[in-house]
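In what follows, a single structure is set out as structure tokens and then discussed.
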Amino acid sequence: MTGRVRGVLAAVAVLAVIGVIAGPMAAAQNRPPGVPRGEIAIPVAPESNVASSNGPLREFVPGGPFHGARAVAMMVSHGARTTVRFQVTGVEHAAGSFGAHLHTGPCVAGDGAAAGPHYNTDVIEGRKPVRMDREREIWLDFIVSPSGAGTASTVVPFVPEPGNRSIVIHSSAGARLACLPLSWD
């Protein structure tokens, strides 16, 4: 190791030590009200909520394209925004496009009506006219590949109200084919 390399390494080590000492000191000097001198305030992320579901899809049409298929859904709120991810596997003989949406009601096999309408913030909050778009509803449109899998994700500017909900998969013509239950506390 040359003298120059040793010098650079020594300088980096000194800067690292300064950063370890100076970082907390700077944080303590800029502490929020109520944090005593010498203690460090660590910012905490806004309140979050998580809901997930994993399992076989419940069919509305027995023997339909989602017979034997499984799905995973994860819904995470961060402040006033919600991220939703959805994945379907095991779809046979149904490569193509499908729509999936969060619905207001529960997921009941054989009873597509039990899922209720799309979850829509205008409806929930009583606003008129009711607009149906990606800002007011959770849309998870996906394409099933030849391997029988599809994924979708979205971020919306709202947090759904608590309840037993469902993610309903629709055909391109709108018919309800299957659902996955999703409870949100």
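The values are calculated or read from the model by the stated rules, or taken from the named source; none is laboratory data. In this text the structure is predicted, and so the values were computed from the model without any measurement. Note that each Cβ is placed from the backbone with ideal geometry, even for glycine, and that neighbours are counted across all protein chains shown. Please note that ligands, DNA and RNA were not included when accessible areas were found on the heavy atoms of the full protein model with its side chains. Shrake-Rupley method; radii C 1.70, N 1.55, O 1.52, S 1.80 Å.
So here's what we get for this one:
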item: Residue check, Ser153 of a type in the set (Ser, Thr, Tyr) and touching a strand residue (DSSP E or B) at 6+ places or on another chain (Cβ under 8 Å); result: yes
item: Subset of segment 68-91 [surrounded by fewer than 19 Cβ atoms within 10 Å (Cβ to Cβ), touching a Pro at 6+ places or on another chain (Cβ under 7 Å) and not in a strand (DSSP E or B)]; result: Gly79, Ala80
item: Within segment 106-124, considering residues that are part of a helix (DSSP H, G or I) and surrounded by 12 or more Cβ atoms within 10 Å (Cβ to Cβ), the one nearest to the chain's Cα centre (by Cα); result: Thr121
item: Of residues in segment 92-105 being hydrophobic (A, V, I, L, M, F, W, C) and surrounded by 18 or more Cβ atoms within 10 Å (Cβ to Cβ), the one nearest to the chain's Cα centre (by Cα); result: Leu102
item: Residues located in segment 125-148, provided they are of a type in the set (Phe, Trp, Tyr) and open to solvent by less than 40 Å² (accessible area, probe 1.4 Å); result: Phe142
item: Residues of segment 55-67 that turn out to be under 27 Å from Asn120 (Cβ atoms) and assigned to a loop (DSSP other than H, G, I, E, B), as a count; result: 6
item: Only listed residue being open to solvent by 20 Å² or more (accessible area, probe 1.4 Å), closer than 19 Å to His67 by Cα and touching a Leu at 6+ places or on another chain (Cβ under 7 Å), chosen from Ser171, Ser166; result: Ser171
item: Verdict on Val168 being in a strand (DSSP E or B), at pLDDT 95 or above and within 15 Å of the chain's Cα centre (by Cα); result: no
item: Matching option when the condition is touching an Asp or Glu at 6+ places or on another chain (Cβ under 7 Å) and either closer than 19 Å to Ala69 by Cβ or polar (S, T, N, Q) (or both), among Ala94, Ala149, Ala115, Ala109; result: Ala109
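Residue-by-condition table, conditions (1) closer than 17 Å to Ala73 by Cα; (2) of a type in the set (Asp, Glu):
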residue	(1), (2)
His103	yes, no
Ala109	no, no
Gly112	no, no
Glu125	no, yes
Pro129	no, no
Asp141	yes, yes
Gly174	no, no
Pro181	yes, no
